[in-house]
């Protein structure tokens, strides 16, 4: 998928620009209330790209205030941790009675299941990475502590993460990274390091279950190719009963089986579209990542990606 421009003010009549802007923002983020002073020369741009299964919405416009109210939260089931990277101008993100001030190169997280406000006092541009909540191995306590705190992209690991995010955002102006699961993994790894550092500075040490959950996820990621990877083996490897393992994952609103299946499908998808794997059959790729039952694999792949493995390979390598 190439970058898709959703809104370009210069293509619209001045009288329609603000109303259409509100509609585009509502449909491509989450339901929001937008306050913009009447403007004779309103300008704005919204573009959509993709990093793995993470949407990147890049927008820029005039001064405005954007709010997510309890009433709007009740209207939908969207459950994201949003990461906002300031590309131009500045902004203030308010959540949990905290304010995060962002300047160019800074980034911040906010939780779509909690009310928040974003104020852009001047002309601005921001890239928002929409991460499904379960992509981060964080407890609700940790999320409540990390949101609306500025991650300054000037020193240390946040500087490295900000540079990567800025590079992705700039490249996303031209094309998508939809089929780059390894780049997403690398990005998540850096962001988890930033979050860990920030939690320590906030005096929020990780709970034992949180540490164990991350350790188990790392173990799963390292053993996806093992067809014997299963709940019982994972529990035994970590000195847990199956019931204890289920309880830990329940706190993060996911199951062990779901995590294994999702990660395997992501690796398979990346292999299917890789030029290096053109000579390898889809069945062989599926077996490489632990799917021995090929008809079952085909069903779950289509259910997850809304296309078959063969159709996906044909889309990215049409001459095959």
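Going through segment 20-41 one residue at a time, which ones are over 20 Å from the mean Cα position of the chain (by Cα) and surrounded by 14 or more Cβ atoms within 10 Å (Cβ to Cβ)?
Step one: list which residues in segment 20-41 are over 20 Å from the mean Cα position of the chain (by Cα), which gives 20-23, 33-41.
If the condition is that a residue be over 20 Å from the mean Cα position of the chain (by Cα) and surrounded by 14 or more Cβ atoms within 10 Å (Cβ to Cβ), then 20, 21, 22, 33, 34, 36, 39 are the ones that fit.
Restricting to segment 95-118, name every residue that is part of a strand (DSSP E or B) and either within 20 Å of the chain's Cα centre (by Cα) or crowded, with 17+ Cβ neighbours inside 10 Å (or both). Break it down into steps so the answer makes sense when it comes.
First, pick out the residues of segment 95-118 that are part of a strand (DSSP E or B): 95, 98-102, 107-111, 116-118.
Within segment 95-118, 95, 100, 102, 107, 108, 109, 110, 111, 116, 117, 118 meet the criteria.
Tell me, which residue of segment 130-167 that is part of a helix (DSSP H, G or I) and buried (at least 20 other Cβ atoms within 10 Å of the Cβ) is modelled with the lowest pLDDT? Full working, then the answer.
Initial filter on segment 130-167 (part of a helix (DSSP H, G or I)): 133-135, 140-146, 156-167.
In the following step, the residues that additionally are buried (at least 20 other Cβ atoms within 10 Å of the Cβ) were identified as 142, 146, 158, 161-162, 165.
Working: 142: 84, 146: 91, 158: 92, 161: 94, 162: 94, 165: 95.
Here the answer is 142.
On the given criteria, is residue 61 free of Cβ contacts under 8 Å to residues at least 40 places away in the same chain and surrounded by 19 or more Cβ atoms within 10 Å (Cβ to Cβ)?
Working: free of Cβ contacts under 8 Å to residues at least 40 places away in the same chain: no; surrounded by 19 or more Cβ atoms within 10 Å (Cβ to Cβ): yes.
Considered against the rule, which asks whether it is free of Cβ contacts under 8 Å to residues at least 40 places away in the same chain and surrounded by 19 or more Cβ atoms within 10 Å (Cβ to Cβ), residue 61 comes out as no.
When only residues in segment 196-230 that are part of a loop (DSSP other than H, G, I, E, B) and at pLDDT below 85 count, which is farthest from residue 240 (Cα to Cα)?
So the residue we want is 202.
Which of the residues spanning segment 238-252 are assigned to a helix (DSSP H, G or I) and either exposed (fewer than 13 other Cβ atoms within 10 Å of the Cβ) or on the phi > 0 side of the Ramachandran plot (or both)?
From segment 238-252, those assigned to a helix (DSSP H, G or I) are 242-250; that's our starting set.
Within segment 238-252, 243, 247, 250 qualify.
Test of understanding: among 280, 285, 195, which residue is over 30 Å from residue 142 (Cα atoms) and surrounded by 15 or more Cβ atoms within 10 Å (Cβ to Cβ)? Quick ask: steps written out before the conclusion?
Values: 280 fails: surrounded by 15 or more Cβ atoms within 10 Å (Cβ to Cβ); 195 fails: over 30 Å from residue 142 (Cα atoms).
Sole residue among the options that is over 30 Å from residue 142 (Cα atoms) and surrounded by 15 or more Cβ atoms within 10 Å (Cβ to Cβ): 285.
The values are calculated or read from the model by the stated rules, or taken from the named source; none is laboratory data. All figures in this text were calculated on a predicted structure; none of them were measured in a lab. Because the Cβ atoms are built from the backbone with ideal geometry, glycine has one as well, and the counts that use them run over all protein chains shown.
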